[in-house]
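S.K.: So that we are looking at the same thing, I have put the structure below in structure tokens.
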Amino acid sequence: MAEDIADILIIGAGASSAAAAWSLADTRMRIICLEQGDWMNPSEYPSNSKQWEVLRQVDYNQSPNIRKRETDYPINEEDSAVSIANFNGVGGGTILYSAHFPRLKPSDFRVKSMDGVADDWPIDYKTLDPYFAQNDRNMGVSGLAGDPAIPWHEPPLPPIPIGRMGEAMGRGLNKLGWHWWPSDAAIISEDYEGRGKCLNLGPCNSGCAQGAKSSVDVAYWPVNQRLGVELRTRCRVSQILVDDNDMATGVLYFDENGVEHLQRAEIVIMACNGVGTPRLLLNSPSAGFPDGLANRSGLVGKNLMFHPIGFVEGYLDQPLDSHLGPQGTCILSQEFYETDPARDFVRGYSLQIVRGQPPASIAVSGTQRGDIPWGARHHEAYQKYVGRSVMMAVMCEDLPELCNTVTLDPELTDSNGIPAPKITYRFSENSKRMLQHGLQKGTEAMEAAGAFKVYTMNQVRDTGWHLMGTARMGTDPENSVVNEWGRSHDVKNLFIIDGSIFVTCGAVNPTTTIQALALYVADSIKKNLANLFD
Amino acid sequence: MADLIASDALLTEEQNQTLRLLLNMIIPPDAERGMPGAAELDFMGYVFEFANDRIEHIKRELDSLNKSSRRQYTVTFPQLDDNDREALVKRLYSTRRQFARNIEVQIMFCYYQDDKVLKALGKEARPPFPKGNEVLRGDLSLLDPVRQRPKLYRE
Ligand SMILES: Cc1cc2nc3c(=O)[nH]c(=O)nc-3n(C[C@H](O)[C@H](O)[C@H](O)COP(=O)(O)OP(=O)(O)OC[C@H]3O[C@@H](n4cnc5c(N)ncnc54)[C@H](O)[C@@H]3O)c2cc1C
């Protein structure tokens, strides 16, 4: 029997994988995607239940160490100031993401030339612009054109409702003369491509029962499968194999029953995210690559970036029903995004104004803070807080540093015995100063909007949503892992398309940029097919 | 909701009585607002179904409350009169950061997701899906001053 060789093998079925598979499908090559997790069943999501506020706490927790599904792998975070959030299944992190979809800006690709720190990207905003637009159409993105803080672009769908809360915050920000704009969201505000529009369920972060949130299991994979891409679930890749010519030959993976298989491939594309990808490369050493595959630069697993996050929570003196509407998106202020030499930090941050805490959570935090007392005054105090909370994330740009890493844990393993990733991360002095500034400005914004109470939370730990930088792109093989179109410098038929290849990370959620990059890398593969491995 | 027989049997009689008294001290009934007291809800049924891993913590918190009661008043918490009970809870609440923390957190989740309570608050007792919620689109003319600004990004 002829050997089963895929033309293209993609590892992981999350945000980047889905976009790349869609683009590559028109080559009519045989594309196989191996994903360690399962398909999701939206009828099991917590928002199908009255007890959704509590049901989301374990099975849909953002931490694999709490969730502990069979399909998860553990992560050692003891040496990290931030803990990792992810989801392992068809859709990857987009199953739980908020779908807040702002793009990186032109200056984010030229940090070194503009501000003298970190490195420039080998590509620029203009290169990605058409891929951003294509991805917006494929995903189904809602937003409003004309934002002066980002080059002109027109999201295919009108913005999601900002609600009374968005209006109140907008008025406050206007008083201060600051920028704000309704957020671009990968949530469909109108029926789109056979999917029903957003119903404002609220808890996007535990899966969207309506399918209006553009997680890639609903936005991309059904189309990809119709185009002929083969998606195999419950296939956990343990190693990528190479031959003596430094060419990848395929992968070893475990199926659901723990049986090991070999899948050969002409091209291997990694899409396991900024933690999963370096983990797998480091776990694939060979004679030619004793320090991990594609790691002659020594940079695999280095330069890990999150976005350092703080929160400002304000309570406004008016009923806002602020807990209704897509939880993680409302409006965005980018008044402090670009570098200002007058400040004591370089680069900047976004103020992401999301919805308020839901009703039971308000009671929990209110009693713990002493705002909602026990006893006779409980009911009156609860009314003062419920529906009036506004959450704001201060999302800072992180700068790449060699000391922030993903390595292999010497002891901890997943259920197949594959070494778990170990995270080593600390906040830089620049990040600390930036966060401080952001919390102060966030407080000013809340007060301008009329908040009677404001809380700030600094350097929040459970915010490792954005995983970037651990296999960065560049033109110099000594100083980067992949080239300017995602191909490994060392292994010419190995590509990386997830957040690992970010050179710097801007101060916005990364997924729209991750997917634009994946489409761009896929397009580059198609354009270079004739001499792909030169 | 879990069946009552299973959930009632989770606690001893003393723990059960202590719990009921404490719950109504945390969230007492309010006839004027039509709000039930927390003790009227099947709290342990809720915990059994949704927060199973908290049961042991809750038992320990109840036992600890009875221990404090015995130490200070020589009788159990349910045996105290209302004033002493009030005074004891007040003292523990203000001196022990973690006092009854699991009970407090779980009763908030239980209470504010309960049908009776939601109805009393004028809310529909239903899951978010499939009906969803109405949210005001918002007045986008509020953006006029922002639209008038020059471009804010660097090329
Ligand atoms: C709670 C939460 C909220 C978020 N909110 C936002 C937001 O509002 N906006 C935004 O832009 N981003 C957000 N993110 C981040 C977003 O989810 C990620 O940026 C995005 O999913 C990354 O895409 P990716 O392709 O790099 O990897 P992922 O989407 O993480 O996909 C990686 C896939 O690879 C699979 N995999 C890994 N290792 C293996 C292996 N060895 N074998 C087989 N399969 C493997 C995993 O199971 C997973 O499915 C959020 C994330 C979380 C968890």
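S.K.: Any chance the range A:143-150 includes a residue that's surrounded by 24 or more Cβ atoms within 10 Å (Cβ to Cβ), acidic (Asp, Glu) and within 14 Å of another protein chain (Cβ to nearest Cβ)?
M.R.: Yes, the range A:143-150 contains a residue that is surrounded by 24 or more Cβ atoms within 10 Å (Cβ to Cβ), acidic (Asp, Glu) and within 14 Å of another protein chain (Cβ to nearest Cβ).
S.K.: Right, next: I'd like to check something: does the range A:33-43 contain any residue that is out of contact with any His (no Cβ under 7 Å at 6 or more places or on another chain) and assigned to a strand (DSSP E or B)? Don't jump to the end; show me each part of the working.
M.R.: Initial filter on the range A:33-43 (out of contact with any His (no Cβ under 7 Å at 6 or more places or on another chain)): A:33-43.
Cutting the leftovers down to assigned to a strand (DSSP E or B) gives us A:33-34.
Yes, because at least one residue in the range A:33-43 is out of contact with any His (no Cβ under 7 Å at 6 or more places or on another chain) and assigned to a strand (DSSP E or B).
S.K.: What tally of residues in the range B:12-65 results from selecting those that are outside any helix (DSSP H, G or I) and free of Cβ contacts under 8 Å to residues at least 40 places away in the same chain?
M.R.: Within the range B:12-65, residues that are outside any helix (DSSP H, G or I) and free of Cβ contacts under 8 Å to residues at least 40 places away in the same chain number 7.
S.K.: Looking at (1) within 14 Å of the ligand (Cβ to nearest atom); (2) under 25 Å from A:HIS466 (Cα atoms); (3) free of Cβ contacts under 8 Å to residues at least 40 places away in the same chain, can you tell me which one A:GLY298 breaks?
M.R.: (1)
S.K.: With the condition kept exactly as written, say whether any residue in the range A:156-167 is away from the ligand (no atom under 16 Å from the Cβ), within 27 Å of B:PRO150 (Cβ to Cβ), modelled with pLDDT of 95 or more and not in a loop (DSSP other than H, G, I, E, B).
M.R.: Checked against the condition, which is being away from the ligand (no atom under 16 Å from the Cβ), within 27 Å of B:PRO150 (Cβ to Cβ), modelled with pLDDT of 95 or more and not in a loop (DSSP other than H, G, I, E, B), the range A:156-167 yields at least one hit.
S.K.: Determine whether the range A:97-104 contains at least one residue that is under 22 Å from the mean Cα position of the chain (by Cα) and within 10 Å of chain B (Cβ to nearest Cβ).
M.R.: Step one: filter the range A:97-104 for residues under 22 Å from the mean Cα position of the chain (by Cα), giving A:97-104.
Now narrow it down to the ones that are within 10 Å of chain B (Cβ to nearest Cβ): none.
Scanning the range A:97-104 turns up no residue that is under 22 Å from the mean Cα position of the chain (by Cα) and within 10 Å of chain B (Cβ to nearest Cβ).
S.K.: Give the range A:1-32 a look and list any residue that's more than 16 Å from the ligand (Cβ to nearest atom), in contact with an Asp or Glu (Cβ under 9 Å, 6 or more places away or on another chain) and part of a helix (DSSP H, G or I), or say none.
M.R.: A:THR27, the sole residue that qualifies.
Yes/no per residue for (1) in contact with a strand residue (DSSP E or B) (Cβ under 7 Å, 6 or more places away or on another chain); (2) charged (D, E, K, R); (3) on the phi < 0 side of the Ramachandran plot:
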position	(1), (2), (3)
A:THR463	yes, no, yes
A:ASP490	no, yes, yes
A:GLN515	no, no, yes
A:ALA530	no, no, yes
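Table: residues versus (1) within 14 Å of chain B (Cβ to nearest Cβ); (2) touching a strand residue (DSSP E or B) at 6+ places or on another chain (Cβ under 9 Å); (3) farther than 22 Å from A:THR504 by Cα; (4) of a type outside the set (A, V, I, L, M).
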| position | (1), (2), (3), (4) |
| --- | --- |
| A:GLY370 | yes, no, yes, yes |
| A:GLY375 | yes, no, yes, yes |
| A:GLN383 | yes, no, yes, yes |
| A:ALA393 | no, yes, no, no |
| A:ARG433 | no, no, no, yes |
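S.K.: Note down all Cβ pairs under 8 Å where the first residue falls in the range A:153-165 and is free of Cβ contacts under 8 Å to residues at least 24 places away in the same chain, the second is surrounded by fewer than 20 Cβ atoms within 10 Å (Cβ to Cβ), and they're at least six residues apart or on different chains.
M.R.: Listed by first residue and then by second, the contacts come to A:GLU154/A:ALA145.
S.K.: Considering only residues that are buried (at least 21 other Cβ atoms within 10 Å of the Cβ) and either away from every other protein chain (no Cβ under 14 Å) or part of a loop (DSSP other than H, G, I, E, B) (or both), which ones fall in the range A:119-137?
M.R.: A:TRP121, A:LEU128, A:TYR131, A:PHE132, A:ASN135, A:ASP136
The values are calculated or read from the model by the stated rules, or taken from the named source; none is laboratory data. Just so we're clear, the structure is a prediction, and the values are computed from it rather than from any experiment. Backbone-built Cβ (ideal geometry, glycine too); neighbour counts: all protein chains shown.
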